[in-house]
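The values are calculated or read from the model by the stated rules, or taken from the named source; none is laboratory data. Computed from a prediction, not measured in an experiment: that's the story for all the values here. When we count neighbours, we look across all protein chains shown, and the Cβ atoms used for this are built from the backbone with ideal geometry, even at glycine. Quick note on the areas: whole protein, heavy atoms, side chains included, nothing else; ligands and nucleic acids left out. Shrake-Rupley method; radii C 1.70, N 1.55, O 1.52, S 1.80 Å.
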Amino acid sequence: PVRLCLEQTQAAQAVFIGDSDTDIRAAGAAGLPCFIADFGYGPLTLAGEASALFSDYRELAPLIEGALKR
């Protein structure tokens, strides 16, 4: 579903923002950087596979900018 969304929107760049192991797996399958809210739904047993964890939405802008520069 993630790849289909990217194809249909013709996105040139993307990141995945989530809060659970399911989101980490979906981002990985789509080949996207994944930023995970450590205060979300969870579970987060795969947190080490995420690009980064964040505790406040204000932390996202620099994370996204850094990921899209790569």
Discussion item. Can you tell me how many residues within region 19-29 are open to solvent by 50 Å² or more (accessible area, probe 1.4 Å) and polar (S, T, N, Q)?
Written reply: 1
Worksheet item: Quick one: which of Ala11, Ala61 is free of Cβ contacts under 8 Å to residues at least 12 places away in the same chain and assigned to a loop (DSSP other than H, G, I, E, B)?
Response: Ala11
Discussion item. Going by what's in this entry, would Thr22 be described as modelled with pLDDT of 95 or more, part of a helix (DSSP H, G or I), out of contact with any Gly (no Cβ under 6 Å at 6 or more places or on another chain) and of a type in the set (Val, Ile, Thr)?
Written reply: yes
Worksheet item: Does Pro1 satisfy the criteria of being modelled with pLDDT of 95 or more and not hydroxyl-bearing (Ser, Thr, Tyr)?
Response: no
Fill in: Residue, nearest to Arg3 (Cα to Cα), within region 30-70, restricted to residues that are open to solvent by less than 40 Å² (accessible area, probe 1.4 Å) and at pLDDT below 95
Ala67
Fill in: Candidate set from region 1-16 (those that are among the β-branched types (Val, Ile, Thr) and farther than 17 Å from Arg70 by Cα); member that is most open to solvent (accessible area, probe 1.4 Å)
Thr9
Discussion item. Six or more apart or on different chains, Cβ atoms under 6 Å: show the pairs whose first residue is in region 27-47 and farther than 14 Å from Ile64 by Cβ and whose second is open to solvent by less than 30 Å² (accessible area, probe 1.4 Å).
Written reply: Tyr41/Ser20; Gly42/Ser20; Pro43/Asp21; Thr45/Asp21; Leu46/Asp21; Leu46/Ile24
